[in-house]
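Remarks on the structure that follows.
The values are calculated or read from the model by the stated rules, or taken from the named source; none is laboratory data. Note that this is a predicted model, so its numbers are computed, not measured. With ideal geometry, Cβ positions are generated from the backbone for all residues, glycine too; neighbour counts draw on all protein chains shown. Heavy atoms of the whole protein, side chains included, go into the accessibility calculation; ligands, DNA and RNA do not. Shrake-Rupley method; radii C 1.70, N 1.55, O 1.52, S 1.80 Å.
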Amino acid sequence: MITPLLSFFRFYCVLEIKNRKEKNSEMKGFEGGAPMKKDPLKVLMCASEMLPFAKTGGLADVMGSLPKALRKLGCEVKVFMPLYREVKSQWFEQYRNLEMIADKIFIPVGIHHFTVYLWRTVVDPDIEVYFLEKDEFFDRSYLYGNPDPQRGDYEDNAERFILFCRAVYALCVHTDWFPHIFHIHDWQASLVAPYLVHHWRSDPRFVSTACILTIHNLAFQGIFPGTFFSLTHLPPQVFTMEGMEYWGQCNFLKSGIVYSDFVTTVSPRYAEQIQTAEHGYGLDGVLRNRRDRLVGILNGIDADLWNPATDPFIAAHYSIDNLEGKMVCKKDLLQTLGLPLELMDAPLCATIGRLTRQKGYDLIYEIAPLLFKHNGALVILGKGERELMELFIRLKQDYPTRCAAVFDFDEPLSHKIEAGADIFLMPSRFEPCGLNQMYSLRYGTVPVVHATGGLDDTVEDVLLHPEGGTGFKFYAYGVESFWEVLKEALKLYENKTLWRKIQISGMKKDYSWDRSAKAYLEVYEAVRRGP
């Protein structure tokens with residue numbers, strides 16, 4: 001009964017909106033067209049998902065960590081995202097603080113004027129998160145569409161995220177808070193860039209606001225029929241080859257690339273790759289045209305959340321100085337998943353993520369019987385393409401003492417896996433950044449990866465650099481190359497002294513958000529200074 005409860009709560013919130021607006025009026029807009037230098041840099045992050053509220057991939061992890069890291073550097077950061085069904089469920093089940101800040105705002109999309117509501121909560125440390133409520137669009141079982149490929153994305157995704165992007169202006173006006181930087185993420189927030197250029201900069205409060213787009217995965221671009229352009233209310237010059245037009249269609253991500261002041265992506269290697277025909281997904285030319293305003297900033301990890309010395313989800317804590325707890329975690333993982341304890345001396349391989357071919361799960365399935373013949377075992381956590389899930393169900397049935405699979409997104413179990421596994425498999429065809437290989441390094445779980453994107457940036461090949469190597473890479477994408485390098489890892493696993501050396505080399509690496517946040521801050525300051 002979430003919706004009636006939300007309506008009941010709304011009744012009382014509406015009575016207080018005017019008073020709340022008055023209290024919020026202390027944060028004014030720009031004076032004389034530019035903010036005072038002593039003021040903190042104000043950043044509004046616009047994204048379609050964020051931990052702990054809603055997640056389908058790495059974007060949510062970034063949004064859960066980057067604002068906090070920027071806050072430590074003195075930025076005033078706020079976040080805006082849709083109010084999904086699962087967000088409301090979390091609040092009312094866990095009694096989270098939630099308040100309405102604006103009701104019955106009218107936002108035009110095409111010929112419709114939709115009524116929306118704005119909500120607010122605070123996450124530690126003092127990060128304000130705002131939500132757009134429009135149940136017709138966001139009160140659904142999934143964020144973007146049914147995971148069944150035969151059913152696919154929601155047919156009204158264009159309208160849903162046009163509404164979201166247009167609501168950004170309403171949020172700023174109703175909170176009387178005007179950012180120096182709009183930091184937008186992926187195609188779902190990309191229309192903020194052309195709206196800022198063509199609509200909002202006519203408002204003096206936005207005249208000095210800049211926009212930065214971060215591309216988390218270029219494969220997802222938000223492409224819709226050209227007839228949908230009228231829904232945006234943007235001027236005709238936006239629907240051209242120089243704007244968002246893409247082979248007669250609307251490409252939301254392209255509009256973000258073209259109209260943002262700066263474009264970032266989530267690793268240096270991926271920034272290079274997306275400018276090539278092989279990895280550019282049709283936008284490589286557009287990205288090459290922006291190469292002087294394009295940079296790769298490696299994602300970080302939440303070093304407090306992912307820390308084997310303090311992790312509340314794992315059976316025993318351990319560190320570089322004392323790895324004994326890792327074997328306790330391995331035993332706990334085997335017991336949790338119903339695998340025999342005879343595997344304590346065997347190399348336990350693991351993988352976590354969306355079960356798609358892009359992530360290389362077809363390769364993992366192909367090499368699994370070979371792994372089992374070499375005394376290895378396999379743990380799988382995730383869900384995705386039905387065909388792949390069915391393959392792993394059969395694999396689990398055929399090898400019940402060697403394979404365990406959980407088809408879900410389970411945060412506590414993911415921590416147990418990172419702590420209890422010996423080897424982590426990430427044979428992605430392409431990987432903009434990847435986070436699990438960095439979690440694995442921190443937990444002394446040695447990664448085996450395809451040398452692409454952020455995987456190439458973060459894992460140092462043991463076979464090429466025996467003294468400082470942190471994991472294993474294969475370079476020619478395919479089953480044979482993957483298996484050959486995994487065999488090398490299995491051989492080295494038998495040498496406990498060398499294996500411990502590899503573990504410690506990985507655990508010493510610093511992939512916290514502190515370094516990445518400083519790089520983003522440099523970009524913010526650069527766009528404020530101008531060309």
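In region 284-334, what residues are over 30 Å from LEU213 (Cβ atoms) and hydrophobic (A, V, I, L, M, F, W, C)?
The answer is ALA309, PHE313, ILE314, ALA315, ALA316, ILE320, LEU323, MET327, VAL328, CYS329, LEU333, LEU334.
Just to be sure I understand, how many residues within region 42-65 are under 22 Å from CYS211 (Cβ atoms), modelled with pLDDT under 95 and in contact with a Phe, Trp or Tyr (Cβ under 6 Å, 6 or more places away or on another chain)?
The total comes to 1.
Does ALA193 qualify as being of a type outside the set (Lys, Arg), within 23 Å of the chain's Cα centre (by Cα) and in a loop (DSSP other than H, G, I, E, B)?
So ALA193 fails the test.
Which is more than 23 Å from GLY325 (Cα to Cα) and either out of contact with any strand residue (DSSP E or B) (no Cβ under 9 Å at 6 or more places or on another chain) or of a type in the set (Phe, Trp, Tyr) (or both), of GLU484, GLU488, GLU525?
From the options GLU484, GLU488, GLU525, the qualifying one is GLU525.
Of a type outside the set (Val, Ile, Thr), open to solvent by 10 Å² or more (accessible area, probe 1.4 Å) and without any contact (Cβ under 8 Å) to a residue 12 or more places away in the chain: is that true of ARG201 in this structure?
yes
To keep it simple, each residue is scored yes or no on (1) open to solvent by 20 Å² or more (accessible area, probe 1.4 Å); (2) closer than 24 Å to TRP483 by Cβ; (3) more than 24 Å from the chain's Cα centre (by Cα).
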position	(1), (2), (3)
THR310	yes, no, no
PRO340	yes, no, yes
ALA346	no, yes, yes
ARG354	yes, yes, no
ILE367	no, yes, yes
LYS373	yes, yes, yes
VAL379	no, yes, no
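Quick one: count up the residues across region 312-321 that are open to solvent by 30 Å² or more (accessible area, probe 1.4 Å) and either part of a loop (DSSP other than H, G, I, E, B) or at pLDDT below 95 (or both).
Qualifying residue count for the region: 6.
Does GLU324 qualify as being of a type in the set (D, E, K, R) and open to solvent by 70 Å² or more (accessible area, probe 1.4 Å)?
Against the criterion (of a type in the set (D, E, K, R) and open to solvent by 70 Å² or more (accessible area, probe 1.4 Å)), GLU324 qualifies.
Within region 20-27, does at least one residue satisfy the condition of being closer than 24 Å to ALA303 by Cα, surrounded by fewer than 22 Cβ atoms within 10 Å (Cβ to Cβ) and at pLDDT below 95?
no
Would you mind stating whether LEU234 is closer than 19 Å to ARG166 by Cβ, of a type outside the set (Phe, Trp, Tyr) and touching a Gly at 6+ places or on another chain (Cβ under 9 Å)?
yes
Could we say that ALA193 is closer than 25 Å to LEU66 by Cα, in contact (Cβ under 8 Å) with a residue 40 or more places away in the chain and open to solvent by 30 Å² or more (accessible area, probe 1.4 Å) here?
No.
Working carefully through the options VAL263, VAL286, VAL258, find the one that is closer than 30 Å to LEU234 by Cα, free of Cβ contacts under 8 Å to residues at least 40 places away in the same chain and among the β-branched types (Val, Ile, Thr).
One residue alone meets the criteria, VAL286.
Of the residues THR240, THR264, THR227, which is more than 20 Å from ASN157 (Cα to Cα) and open to solvent by 30 Å² or more (accessible area, probe 1.4 Å)?
Residue meeting the stated conditions: THR240.
Considering only region 415-531, give the helices (runs of 4 or more DSSP H) lying wholly within it that have at least 1 residues that are polar (S, T, N, Q), farther than 29 Å from PHE220 by Cβ and open to solvent by 20 Å² or more (accessible area, probe 1.4 Å).
Filter on region 415-531 gives 496-507.
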